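Participant: Got a structure for you, written out below as structure tokens; questions coming shortly.
The values are calculated or read from the model by the stated rules, or taken from the named source; none is laboratory data. Quick caveat: nothing in here was measured; it's all calculated off a predicted structure. In this analysis, Cβ positions are derived from the backbone assuming ideal geometry, glycine residues included, and neighbour counts consider all displayed protein chains.
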Amino acid sequence: MRHFLTLKDFTKKEILEIVNLALKIKNKKKQKKYLKNQTLGMIFEKSSTRTRVSFEAGMFQLGGHALFLSSDNTQLGRGEPIKDTARVLSRMLDIIMIRTFSQERLEEFAQYSTIPVINGLTDGYHPIQLIADYMTMIEHKKDKNPVVAYVGDGNNMAHSWLMLASKLGFELRVASPVGYECDGHMIDNAMKQAKISGAKITFFHDPKEAVKDADVITTDTWISMGQEEGKAKKIKDFKGFIVDSEMMKLAKKDAIFLHCLPAYRGYEVSEEILEKFEKVIFDEAENRLHGQKGIMVWLNKQKK
Ligand code: CP
Ligand code: NVA
């Protein structure tokens, strides 16, 4: 049995297996009921639109059923230990997704769970998003090894890009303001992995340098969920980090722009760029549905 907690736990071969499975399921006219009669539990300790809807719709399309479990309306919100919740749910469900705060809380849940656990986003990582992002990159860029520039906060999305690039071996440039860089431990991990895969990973404080001649530009909100404190200062510190037409001009002519959404227009990205890359961005959002089906079917196969 396997969990899906971070891409760090997966080999290049396994990541590509999941992506290819997701693309295969996506392109099938008739959906096979791969997860017939199975139940997915979805614990949300933070808000969500895409993750909740894509898991719930995806599970239904695969012949299963999904349960939305908000921490406010379960005993988790009243302090029932995560390890007890994991053991109870393991007796009733087939697969579980949890969106929570620390990666440690997710890991504790997984440690006590006897069914596969999927990371639906933590402060540290957002790996399910990266499966969708990589699918979108393949669909729009054909070249499987494009140069990717991540411009913005050294947050869960940045860490997940680090993991994906270092596993698959493509070039990634990360530009963040001073004081908002990626976690040092995560960087060390990615650099070690990059030595094996041949990935080129570089860090910048000047976003213009990072995006120069890149094939894919991506960003994320400057204010992640649960990190609203100090918002005004952060916005000031991110001056110059907006992905707008000036910034995009520095990338390759046929470069694409990705955003995991929700997007905050006028902050990390301009309205103009969001609308210019509307097709790519909403393909990316749709790929959440297909990507997560791939993840769930892959995890289910590992059980047998
Ligand atoms: N990108 C993403 O995870 O969106 P939600 O927060 O709406 O789930
Ligand atoms: N970094 C963002 C991603 C939202 C999908 C957050 O954690 O809020």
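Participant: What is the residue count in segment 237-285 for residues that are assigned to a helix (DSSP H, G or I), under 17 Å from Met137 (Cβ atoms), within 16 Å of ligand 2 (Cβ to nearest atom) and out of contact with any Ser or Thr (no Cβ under 6 Å at 6 or more places or on another chain)?
Facilitator: The number of residues fulfilling the criteria is 3.
Participant: Any residue at all in segment 180-201 that is aromatic (Phe, Trp, Tyr) and closer than 16 Å to Glu268 by Cα?
Facilitator: Yes, segment 180-201 has at least one match.
Participant: What about Ile295, is it within 14 Å of ligand 1 (Cβ to nearest atom), touching a strand residue (DSSP E or B) at 6+ places or on another chain (Cβ under 9 Å) and farther than 27 Å from Lys231 by Cα?
Facilitator: yes
Participant: Name the residue that is farthest from Lys239 (Cα to Cα), counting only residues in segment 133-185 that are out of contact with any strand residue (DSSP E or B) (no Cβ under 9 Å at 6 or more places or on another chain) and either polar (S, T, N, Q) or within 14 Å of ligand 2 (Cβ to nearest atom) (or both).
Facilitator: It comes out as Asn145.
Participant: Out of Thr202, Thr219, report the one residue that is modelled with pLDDT of 95 or more and within 16 Å of ligand 1 (Cβ to nearest atom).
Facilitator: After ruling out the rest, the residue left standing is Thr219.
Participant: Let me ask something else. Return the only residue of Arg52, Arg91 being within 16 Å of ligand 2 (Cβ to nearest atom), on the phi < 0 side of the Ramachandran plot and surrounded by fewer than 20 Cβ atoms within 10 Å (Cβ to Cβ).
Facilitator: Criteria check complete, one pass: Arg52.
Participant: If I filter segment 32-49 for residues that are of a type in the set (Asp, Glu), in contact (Cβ under 8 Å) with a residue 40 or more places away in the chain and more than 20 Å from Met135 (Cα to Cα), do I get at least one hit?
Facilitator: There is at least one residue in segment 32-49 that is of a type in the set (Asp, Glu), in contact (Cβ under 8 Å) with a residue 40 or more places away in the chain and more than 20 Å from Met135 (Cα to Cα).
Participant: Could you identify the single residue in Phe60, Phe109, Phe101 that is away from ligand 1 (no atom under 12 Å from the Cβ), among the aromatic types (Phe, Trp, Tyr), touching a Ser or Thr at 6+ places or on another chain (Cβ under 7 Å) and at pLDDT 95 or above?
Facilitator: Result: Phe101 is the single residue among Phe60, Phe109, Phe101 that is away from ligand 1 (no atom under 12 Å from the Cβ), among the aromatic types (Phe, Trp, Tyr), touching a Ser or Thr at 6+ places or on another chain (Cβ under 7 Å) and at pLDDT 95 or above.
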